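The values are calculated or read from the model by the stated rules, or taken from the named source; none is laboratory data. All of these numbers come straight from a predicted model, not from anything done at the bench. FYI the Cβ positions are ideal-geometry reconstructions off the backbone, even for glycines, and counts take in every protein chain you see. The accessibility values were calculated without ligands, DNA or RNA, using every heavy atom of the protein model including side chains. Shrake-Rupley method; radii C 1.70, N 1.55, O 1.52, S 1.80 Å.
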Amino acid sequence: DRFRWLIMSRNEYPPVPFHLDVRALAKNVSDSAFLLGLFELGPIAAFIALYAAARRWASHRAETQLLLGMGLATLAFSLLFSGGKILAVFLIPGFLVFAVFVAQGLEPAMEWLGPRLAGHSRAVLAIALLAAGMLVAHGARLLAYEHPFGPLESRVIEEDDMPQHRLFPSMRHVTEPRTFIESAAASLPDSALVICEWREFMAMLYLQRVEYRRRDLTVQPSGYPKLLLKVADWQRRYDLESHPVVVVSPIALMQPHLGAAQPMQLATGQRVLLTYQALDVAPPLAHATKAPVPAGPDASMDSVSAQRQSNLTVRKVLALPPLSRR
């Protein structure tokens, strides 16, 4: 059962029944076609990959069948069990197979050019060919942001909520994560249980595991309402006067469980809640059962993402020893 859940649950617990929506499947087919043929390595690479697959089929059939089988299995699994923001993530093994065929297609082309060009000229030509393909692919990405392609309006859906709609993406202007962890490191009380969702959880993990700071804190990924079990265990083991609970997010869901909570504001302007009193850990009736994941192309992005906010993949509490603040 655990193995089946890992393969087919789509990061949902309790697992929801699989539902095949024909329109959502068609949308995934369209998105996958544009991702593989245009948005990732570009149409030049796609042509080279097709040429290589046909050529290798004649000379190395078993190897080619294995690669094609891996790619098609990845594609089928992605079409059925993903969509929206996570479709490109599920297709990563397929992209790797695609890249292998591209490399196999460039090799005979370089051999053919061997007598005609010097060694360094062949390398420059190969790099220029791939660079031109990538520029076409990235240009298509940028165009599709404003004008999606095809009748099902396919475009790249960024998993990050800070899209980079520019020719040369850069994160140099993004300072919020550093501001957040510096403010949290200075403001959060000692030995607290810090509840936060994925965005803040990864920043806190960086603070503890990379910078070795504030390792006295126990960081708990949200996973509401399952996290109420962790809070109940925390309250049984510790006195909240010395081991308080801090809710960074989701405040809207956790606020009904808090008694007298003290609001705090971080340097980012983000409001967090601090309590030294026991929380009401009884789950609300609205979360006693779980609704199915929304289906259909319109529901495959924001609505599915919102549904999954309470069911993050990481549920393990960071079992870090209490240390002094640094």
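Odds and ends about this structure:
- Model label points for Val136 and Arg178, set 7 angstrom from Cα along the Cα-to-Cβ axis, are 3.9 nm apart.
- Rg followed by Dmax, in Å, when the stretch 144-260 is reduced to its Cα trace: 18.6, 59
- Alpha-carbon centroids, the stretch 247-262 and the stretch 169-215: separation in whole Å: 19 Å
- Heavy-atom surface of the stretch 1-159, accessible at 1.4 Å and reported per residue (Å²): 58 Å²
- Heavy-atom accessible surface of Lys226, to the nearest 10 Å², is about 90 Å², with a 1.4 Å probe and all protein chains retained.
- The packing ranking, built from the mean of other Cβ atoms within 10 Å per residue, places the peptides 210-222, 89-101, 130-142 in the order 210-222, 89-101, 130-142, highest first.
- Whole-Hz Karplus values for the stretch 254-261 come out as 8, 4, x, 8, 8, x, 8, 9 Hz, taken residue by residue from phi with 6.51 cos²θ - 1.76 cosθ + 1.60 and θ = phi - 60°; glycine and proline positions read x.
- Computed with a 1.4 Å probe on the full set of protein chains, the accessible area for Val156 sits at about 10 Å².
- For the stretch 78-91, 3J(HN,Hα) per residue [Karplus equation, 6.51 cos²θ - 1.76 cosθ + 1.60, θ = phi - 60°, Hz, x = Gly/Pro]: 5, 4, 8, 10, 9, x, x, 5, 9, 4, 5, 5, 5, 7
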